Amino acid sequence: MSVFVDLLATARESIDVLVYAAVFLHEAYPRLNDLLRERVADGCVVRIAVGDADSENVRQRGQEERFGHGIESRCRLALMHYRPLLDVPGIELRTHGTTLYNSLYRADDQALVNAHVWGVNAYGAPVWHLRRNGDGGMFDTYADSFNAVWETARPVEG
């Protein structure tokens, strides 16, 4: 857990989070919203995209994980955790209904990529730590993927 928090705490310019739910962040680190508020107070821009619990892709993921409606419930719970941040300038919260192949946690030029594995909950899948090493590398591929999903995501209303 500390790897995720440590990564986000180091951000100086931007934080991007792309997940279906990742409720483990708030459960293991109850101060997560405070940390995000501190980062934007220091000039960071924070973009968080969580799964739309009513989307077909989220439901399909739940079936593949053999977790029933658990993923949909976790998406709603994640949204509940992030809602107090809706009025914070510099933090944007959106929902997406995309097929999510990886969960992404980006802080400036570093990212943790949780590779999704068919039939396995995200916590049981590998996580890669990437650092930007020039233009056009693997880091940029995942950063571009985040941006593409972000463009399709819907802002959460207060």
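The values are calculated or read from the model by the stated rules, or taken from the named source; none is laboratory data. Quick caveat: nothing in here was measured; it's all calculated off a predicted structure. We place every Cβ from the backbone using ideal geometry, glycine too, and count neighbours over all the protein chains shown. Note: accessible area is taken over every heavy atom of the protein model, side chains too, but ligands, DNA and RNA are not part of it. Shrake-Rupley method; radii C 1.70, N 1.55, O 1.52, S 1.80 Å.
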TODO: Calculate I(q)/I(0) for region 83-143 by the Debye formula, one identical point scatterer on each C-alpha and no solvent, and give its log10 at q = 0.15, 0.22 Å⁻¹ to two decimals.
DONE: -0.61, -1.00
- [ ] Tell me which residues come under 5 Å, amide H to amide H, from Gly97 once H is placed; ignore anything under 5 positions away on its chain.
- [x] Asp52
TODO: With a 1.4 Å probe and every protein chain left in place, work out the accessible area per residue of the chain in Å², rounded to a whole number.
DONE: 51
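Using the Cα centre of region 42-158 as the reference point, and only Cβ charges (+1 on K/R, -1 on D/E), how large is the resulting charge dipole? Debye, rounded to the nearest 20.
Using only the charged Cβ atoms, the result is roughly 360 debye.
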TODO: Output the antiparallel fraction of DSSP beta bridges having both residues in region 25-158, as a percent to the nearest 5.
DONE: 70
Open item on the list: Taking amide H atoms as placed 1.01 Å from N in the peptide plane, list the residues 5 or more away in sequence, or in a different chain, whose amide H sits under 5 Å from that of Tyr20.
Closed with: Gly51
Task: Between region 1-63 and region 125-139, the Cα center-to-center distance that results, in Å - done: 18
Open item on the list: Please list the three semi-axes, largest first and in whole Å, of the ellipsoid equivalent to the chain, using sqrt of 5 times the eigenvalues of its alpha carbon gyration tensor.
Closed with: 22, 19, 15
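Please report the relative contact order for region 46-158, taking Cα pairs under 8 Å with a sequence separation of at least 6, and give it as a percent rounded to a whole number.
Relative CO of region 46-158 lands at 27 percent.
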Open item on the list: Given 4 °C and 1.567 mPa s, compute D for region 1-44 with the Stokes-Einstein relation, Rh being the Kirkwood radius over Cα pairs; round to the nearest whole µm²/s.
Closed with: 120
- [ ] List, in order, the whole-Hz ³J(HN,Hα) value for each residue of region 23-36 obtained from phi through the Karplus relation with A = 6.51, B = -1.76, C = 1.60 and θ = phi - 60°; use x for Gly and Pro.
- [x] 5, 4, 4, 6, 5, 7, 9, x, 8, 4, 4, 4, 4, 5
Task: Mean ellipticity per residue at 222 nm, deg cm²/dmol - from DSSP H runs of n ≥ 4 across the chain, formula -39500 (n - 2.57) - done: -11500 deg cm²/dmol
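Summing +1 for each Lys or Arg and -1 for each Asp or Glu, what net charge is found among the other residues whose Cβ lies under 14 Å from the Cβ of Phe146?
-3
May I ask for the net charge around Ala111, where only other residues with Cβ less than 12 Å from the Cβ of Ala111 are counted and Lys, Arg are +1 while Asp, Glu are -1?
Working: positive: Arg106, Arg131, Arg132; negative: Asp16, Asp108, Asp109, Asp140, Asp144.
Its environment carries a net charge of -2.
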TODO: Quick one: pull the percent of accessible area on the chain belonging to carbon and sulfur, 1.4 Å probe, ligands and nucleic acids left out.
DONE: 53
TODO: Would you look at the GNM of the chain, springs on alpha carbons closer than 10 Å, and say which of Ala125, Ala22, Ala111 moves the most?
DONE: Ala125
